[in-house]
Structures are given as structure tokens and as C-alpha cells.
1. Considering the dipole of the stretch A:255-367 built from charges on the beta carbon (Lys and Arg +1, Asp and Glu -1) around the Cα centre, which of A:Val345, A:Ala269, A:Asn366 is farthest to its positive end?
2. With the cut-off at 1.5 for a/c, could you classify the stretch A:89-165 from its C-alpha gyration tensor as rounded, prolate or oblate?
3. Mind checking which of B:Leu252, B:Ser275, B:Thr294 is farthest towards the positive end of the stretch B:224-307's charge dipole, using Cβ charges of +1 (Lys, Arg) and -1 (Asp, Glu) about the Cα centre?
4. Using a Förster distance of 60 angstrom, determine the FRET efficiency expected from the C-beta separation of A:Lys100 and B:Glu378, and round it to 0.05.
5. Near the amide H of A:Ser92, under 5 Å away, which other amide H atoms are found, from residues 5 or more places off or on another chain, if H is placed in the peptide plane?
6. Note down the magnitude of the dipole of the stretch B:220-319 about its Cα centre, charges +1 on Lys and Arg C-beta and -1 on Asp and Glu C-beta and zero elsewhere, to the nearest 20 debye.
7. Using alpha carbons only, how many degrees (0 to 90, rounded to 10) separate the axis of helix A:52-70 from the longest principal axis of chain A?
8. On the first, second and third principal axes, largest extent first, how far apart are the outermost C-alpha atoms of the stretch B:29-80 in Å?
Amino acid sequence: MFSSNDIVCAIELGTSKISVLIGKVSPDDAVDIVGRGCVQSQGIIKGEITDAKSTETALNKALEEAESSCGELMNCKLVTVLVTGCAIDSQSGVGNSVIKNPQRTVTMNEIIESEDNAEIINLASEREIINKSTSYYLLDNRRVSNPENMTGSRLEAHVHLVHGISSRISNFIRMVQNCGFENTPVEIIFSPLAASYGIVTRTERENGVLLIDFGMGCTEYAVEFNNGTTGSGVLQIGFDHIANDLAIGLELPIDTCRRLLESGELAKAREENRETIDLPGGLNGGRRIPLASFETIIDMRLRETFEIIRAKLIAANVPLTFGAGVIATGGGSLYHRSTEIIAEVFNAHCQCRVPADLRGAFTGLNSPKFSASWGALKYAADCLRRSGPGSDNALDRIVNGINRLFDNSKVGWRNIGKSMKF
Amino acid sequence: MIENSKFCVIGVGGAGCRIISHLVREPGAEYLKLIAIDTDRNGLAECGLDEEHTILAGEKWRNGRGTGGRVIDGQSAFSPERRRIEEMIKGSQMLIICGGLGGGTASGGIPIVLSCASNMQIPAVTVLSQPFAVEGLQRQRISEQAMNNEIIRIADAAILIPNDLLFAGLDPATPLAEAFQLADREMARSVLALSTILCAGNLLNADFSDFSALLRRKKSHCALGIGVIDTANEGSFTAEKAFEKLLESPLLGGASTLCDADAVIFTLTGGPELSLSDARSVFAISTSHIGKKTSVLVGAAVDEKWRGKFQYTALAVNYEKEALPAGSQGTERKKSKRQSRLELSDGDMIQQTLPLSENEFSRGIMEKTTPVRWNGEELDIPTFLRKNQVIDTGKDQLS
């Protein structure tokens with residue numbers, strides 16, 4: 001039975017960090033952070049687990065840290081795990097339902113039925129649907145955003161379906177279950193949808209917005225328009241590729257390159273109009289490399305990455321009109337050229353955003369690196385809240401891995417966004 | 001020593017004609033005989049030469065409209081013009097052929113001009129530009145095929161200047177039209193500098209026969225650096241200044257080119273005030289910056305026209321070694337490398353390994369991971385490598 005003060009947990013297995021956020025569901029439709037653990041990631045490359053043992057060790061460390069900070073991990077009612085990579089792709093599905101009741105009003109049953117039907121698409125046998133999000137409804141061919149209690153004869157739901165390769169996705173789930181959550185329901189969520197959940201406002205969702213989560217291993221993106229998701233995906237090129245490019249191009253050790261990128265030294269050098277970067281040490285007593293060389297390598301990689309994302313959106317027929325511009329988040333968005341180049345490639349205003357509505361013990365979490373985790377935590381709270389009376393049955397259904405938050409009183413993923421105050 | 005009036009510069013194709021039009025206006029080029037050959041009537045009209053020094057190739061057949069980027073059309077346009085070409089170059093002691101590879105006229109026509117020259121036993125050197133990386137693989141392929149299969153076999157020396165390098169030294173805010181103008185002018189200056197090198201000889205003698213001994217029949221790619229000092233604006237001539245200006249020249253590709261070259265030819269040109277000690281100090285600095293195994297030729301020339309100005313040029317010759325990291329066309333390069341291995345069995349060449357195909361590009365820390373692919377490209381390979389971008393690693397310290 002759901003009650004306030006239930007504990008939820010959000011786990012992110014990322015390429016740069018593994019983070020665990022523990023939250024307490026508060027009575028006023030929000031979640032307070034009560035504990036967190038964050039350790040350097042091991043065994044994860046380009047977003048996916050390649051060495052399960054090291055990842056498990058690191059995850060256990062993070063969980064210990066989280067538990068010692070709040071002591072409540074044992075009572076966790078629901079865990080959300082962020083997934084990325086896994087050849088995740090998205091598709092739109094259409095489902096119909098006929099309104100049969102005599103008054104011809106649309107009830108939740110019809111809505112649920114049309115959305116269920118939308119999930120029936122031809123997926124390869126190795127794939128499964130991870131998340132779905134309703135883009136819009138057509139009631140008798142008229143576009144509506146919420147058809148409940150409206151009159152009509154035929155309801156069509158256009159749903160954005162995210163699917164991935166089952167075996168690779170189950171790596172994430174099994175990893176979390178092995179670390180102490182054998183009996184807790186585990187919910188998976190595609191990373192950019194979580195980030196969008198965490199930091200995109202309702203107005204932006206209506207006006208059209210592109211969210212880019214520029215992480216260390218992958219870059220994920222999601223497009224929202226008219227309160228529905230119209231596109232999403234992942235490209236397994238991340239900020240670490242920039243460090244790699246620099247290491248190869250300038251023949252520097254990879255750690256030097258990572259340090260240079262994170263420290264903001266390149267931005268400072270550009271501001272001071274310096275021509276070279278001096279690197280002490282080495283056999284010759286130091287090297288002096290032209291700043292332009294750094295900038296060329298970095299700019300080319302950044303530009304190519306975002307242009308590929310743009311091309312992927314075009315190929316998926318996602319309209320590129322973003323009334324609210326582009327929101328960049330993730331560790332890579334802190335680099336000074338990222339937002340500038342995104343703005344150029346998409347010809348739209350781009351800002352770097354951090355989670356804004358953090359509550360509880362959130363010191364150090366207001367960084368773009370935690371947008372996705374925060375979104376996943378909020379989502380976990382909502383899942384729990386929506387499960388309502390008879391929660392155990394609903395939670396059982398959730399465990400099947402299909403994002404379905406249905407009971408008689410709620411609809412799909414999108415409506416959660418509606419009821420959340422941003 | 002070559003008499004100047006017998007020195008002939010031929011511009012082929014659109015780029016070649018633009019270079020000629022710059023040369024027409026450049027002081028110091030009066031002693032060169034200029035010829036322009038193109039399939040496009042407009043290109044010829046704008047180059048500024050009079051009728052008798054131009055040839056509109058394939059006039060009857062193409063009607064003066066250009067080749068549209070097709071090499072085969074370039075070849076068929078030039079074949080019937082052989083006689084006219086031979087007439088025009090008769091009596092010259094040296095040919096410099098300039099143009100831009102990648103299109104139809106130059107890529108198709110230059111090999112034919114070269115064969116005319118070799119029929120008449122006139123030594124020929126080519127100064128050619130390579131298309132931008134962004135112009136696409138098709139033009140690059142055309143440019144490479146023309147160079148490797150045709151030109152390098154016949155020409156006595158080939159100087160390749162990639163367009164990307166021409167633009168590398170420019171301010172990114174430069175308007176495009178101006179950028180192209182500057183690039184053309186830089187090419188024209190290179191041609192002029194080359195002619196200076198070949199004509200040099202009053203003070204210290206770099207004989208043409210030395211030059212051709214370095215370059216004849218060996219597959220070589222060259223890089224040309226030019227530094228100019230105008231004493232009216234920049235103060236008096238010093239050896240350090242001259243050398244620094246040379247290194248700043250975008251076409252040279254940095255000091256590492258000098259270090260890595262197999263041979264370098266330095267030439268200093270100046271007005272009557274150029275003294276022997278000036279020349280010696282410049283050459284002393286220069287030779288201290290080249291590799292141990294590099295052969296060096298130095299030359300100097302004095303001319304009234306250069307009063308108040310100094311020009312220091314370096315021609316860096318690389319045998320068998322590309323000045324750029326190679327692109328992704330593996331098969332053609334593999335063939336030419338094998339061929340050259342057979343040719344050069346006397347062991348006096350140092351074989352360098354080239355990155356021949358995508359397999360040999362480094363992926364760094366992404367080496368053992370599942371590759372990420374998009375549009376047939378492997379994205380783990382650094383973007384700048386896949387797009388043939390030259391990077392100055394600053395590995396050679398000048399201080």
C-alpha cells in the first residue's frame with residue numbers, strides 16, 4: 001500500500017560516474033533527496049556494461065555510500081535504472097479504439113486500449129519496448145491532447161515507442177538486482193526521457209524543445225512538442241571521444257587531455273588571446289602546442305556529433321522546429337564550446353541547464369551531470385504514487401519491463417508530466 | 001643559369017587561369033612567359049593575356065563551356081590541341097604548370113601538356129592545388145588518380161598544395177570571395193617563388209642541374225614556404241626575421257616539414273643591397289633547423305626589381321611521403337606503393353609507412369570497443385583524421 005514517506009531509488013550506470021539517489025516521497029507531489037552516493041565508474045564504455053564485475057564493485061560502493069548517508073536503502077519500494085546504448089531506437093506507433101458506450105464519451109478504458117494497440121508494431125524478436133510516451137491523440141481525426149470525457153466515435157493514439165535489444169537491456173536490470181534489489185521492483189527508463197523529465201518545463205514541452213544530454217560515453221537526445229515526445233535516440237559518441245581525439249592528434253596522454261578539457265584552461269586561453277598552450281614536463285622540458293590545434297580538433301568532433309544527431313532526427317521525420325530552443329545538459333555541456341556549436345548546428349538558442357527543483361539534501365547535485373538521475377528519481381516517485389491502492393499488483397506488472405503506469409486513475413507517461421508542477 | 005625569358009608558366013583550367021591573372025599583375029613576373037589553357041571561354045577571357053598566349057581547348061566540341069568536372073572530357077579536349085601547345089612552348093628552357101586538381105580540365109589536361117613537354121625534352125615542374133576536404137571524396141579521388149597515375153610519372157617534380165592548407169592561415173571571419181582571392185594569390189606567389197628558385201644564382205649557386213638531380217623521376221611531393229620582408233614597412237632585414245616569416249607561411253605546414261623533408265632548397269632573393277653576410281646568416285639559421293639526413297641546396301639572387309624587399313623561400317621535398325595524413329582511398333595508394341617498391345631497389349630511399357586505409361587509423365582508447373558507425377564511417381576514429389585535417393602538434397621547439 002502506497003503511503004507518503006516511501007523510499008524510492010534512482011540508479012545511473014554512466015561512463016564517467018555511477019550515481020545512486022535515494023528519495024523520500026513527500027505528501028505534496030514531490031520527492032525529497034535523503035541520500036546519495038557517487039563513485040567513479042568502472043567497466044562501462046560508451047554507456048554500456050563491458051566488465052560486469054568491476055561495475056558491480058563500483059555500484060556496491062556507491063550503494064554503501066548512499067546508505068551511510070541516509071540509512072534508508074533497505075526500505076526502498078521502487079528502483080529506477082537509466083538505460084542507454086543497447087542499439088536503442090525509437091518508432092512511432094498508432095493504435096485505434098472504438099468508443100462503444102451509448103453516450104459516446106471517451107473514458108480511460110478507451111484511452112488505455114488505443115495506447116495498448118499502438119504498441120503492436122513489428123519488432124525484431126531480440127528487441128523489446130522499454131518506454132512509451134504519447135505524442136498526441138486523434139479523436140475522429142481531430143487532434144486533441146487529452147481526450148478524456150470528450151465525445152467521439154473513434155480514438156487514435158500516436159505513441160512514441162522506445163525499444164532496444166533485450167539481452168543488453170537486461171544487463172542493466174540484472175546488475176542492479178545483484179546488488180541487493182532482488183525483491184524490489186526495478187523500472188527502466190531511457191536516459192534522455194529521464195533527463196527531460198528532470199529539467200524540461202511544461203511550457204517548453206508545449207512549444208517544442210530539443211534536449212541533448214551530452215555525457216562522457218554517449219550523447220542522448222529527446223524532442224518534445226505539444227506535450228508529447230516526437231523523437232528520441234542515442235549516439236554512442238561522448239565527451240571522452242574529444243579527449244581521445246586530442247590524445248591521438250597531439251600525441252598527448254589521455255589523462256592530460258581529460259584534465260585540460262575539464263579545467264577550463266582552453267576557454268581561459270581563448271579569452272586571454274594566448275596563441276599556445278604550454279605543457280610542462282616530458283623529455284624536452286615541455287611542449288608548446290598552438291591553441292588553434294586544440295580548437296580545430298575539438299570543434300570538428302563537436303560539430304560532427306551534433307550534425308549526426310540532426311541528421312538522425314531528419315531521417316526519423318522529426319520536425320526541427322523548437323519554439324523553446326535547445327537545452328543541453330550532461331557533463332559535456334559544461335564545456336564552453338558545446339552550447340555554441342549546438343546553437344550553430346540547430347540554428348536555435350541553446351542553454352546549458354541544471355536540475356532546478358531539487359529538494360532535500362541536494363548539495364553538489366545542481367550540476368548538469370545529475371539531470372538524468374534527478375529525472376529518474378522524480379519518475380520513480382511518480383510511478384509509486386500512481387500505483388495507488390492495490391499497489392502490489394501494479395508493481396508486479398511494472399516489473400515486466402514495459403512502462404505501464406495504469407490503473408483506473410492514470411494515463412501513460414505524458415500525463416504524469418501534466419500533473420507535475422515544474 | 002636559365003635566361004628568364006625562356007621560362008614558361010602555363011596555367012591549366014579555372015584555377016590555373018586565375019593564378020595566371022594574378023601573375024600578370026605581379027611585379028617581378030614580367031620576365032616569365034605566361035600561357036593559359038582552359039576549356040571555359042569565360043575563364044580565359046578574365047585571365048588578362050592576349051589571344052596569342054591562350055588556348056581555348058576543345059573549342060569546336062565543348063564550345064567554350066568547360067568540362068563540368070569530367071576528367072575524360074578534359075582529356076578529349078586537350079588531345080587535339082597538342083600541336084598548338086607544342087608550338088607555344090617551343091624554345092622554353094623550363095616549364096612550370098599550375099592548376100587545381102579535382103575538376104575536369106586540369107586533371108585531364110595537365111598530363112597531356114606534360115607529355116608534350118617531355119616530347120620536346122623540356123623539363124617541367126607542376127604546382128597544383130588539391131581540393132578541399134569538404135568538396136567530397138569524388139574530387140579527391142580524381143585529384144589523387146591524376147596525380148599518382150599520370151602526373152608524377154611524367155613531371156620532373158610535383159608540388160602539391162592542399163586547399164585546406166591555403167586557408168589555414170586565414171582569419172575565419174574572412175568573406176569567402178576574399179578568401180579565394182587570397183588563396184589564388186598565394187598560389188601565384190608560389191609559382192613566382194619557384195621560378196626564382198630555378199633562376200637563382202648570382203651569389204651562391206644552386207644550379208638547375210642540382211635541382212633536377214634532386215627531383216628527376218623520383219616520386220616526390222613538395223611543400224613550398226615563402227616569407228617576404230618589405231623593409232619599408234617591417235624594418236631592416238635580419239636573418240631571424242626572414243626565417244620566421246618563412247615558417248609562418250601556411251603552405252609550408254610548420255617547421256616539422258623542414259625537419260622531416262628528404263631535401264630542402266632554400267633561396268634568398270633581394271635587391272642590390274643584399275649582402276653575402278646576410279645570405280650566409282640566413283642559411284646558417286635555416287640549416288640548423290633541418291634534420292640530419294636532409295640534403296640541402298642553397299641559392300641566392302639579386303635583382304633590381306627587388307630593391308627594398310626580400311623574399312626567402314624553401315622548397316621541402318619528400319620522397320614517397322605524403323605531406324598530409326592519407327585519406328581513406330586505400331587501393332590506389334597500395335598500388336602505387338607496391339610499384340615504387342619495385343622501382344627503387346637501389347636502397348637509397350627511406351621507405352616511410354603511410355596510413356593506407358581506415359584500418360591503420362588509430363582509435364586510441366576506443367581501440368578494443370565495439371565500433372560506432374554512421375554512414376559508412378567509423379566514428380571512433382578522430383574526426384580530424386577522417387576529414388584530412390592537418391594539425392600542428394608544436395613538436396618542434398624553435399627556442
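None of the figures in this text is laboratory data; all of them are computed from the coordinates on show. Please read all numbers here as calculations on a predicted model, not as lab measurements. Heads up, the Cβs are rebuilt from the backbone with ideal geometry, glycines too, and the neighbour counts pull from every protein chain shown.
1. Working it through, the farthest residue towards the positive pole turns out to be A:Asn366.
2. Prolate.
3. B:Thr294
4. Numbers: r = 54 Å, r/R0 = 0.91.
FRET efficiency, A:Lys100 to B:Glu378: 0.65.
5. Residues meeting the criterion, in which the H sits 1.01 Å from N, are A:Leu161.
6. Values: 8 positive and 11 negative charges, 39 e Å.
Roughly 180 debye for the stretch B:220-319.
7. Approximately 80 degrees, to the nearest 10.
8. Result for the stretch B:29-80: principal-axis Cα extents of 34, 18, 18 Å.
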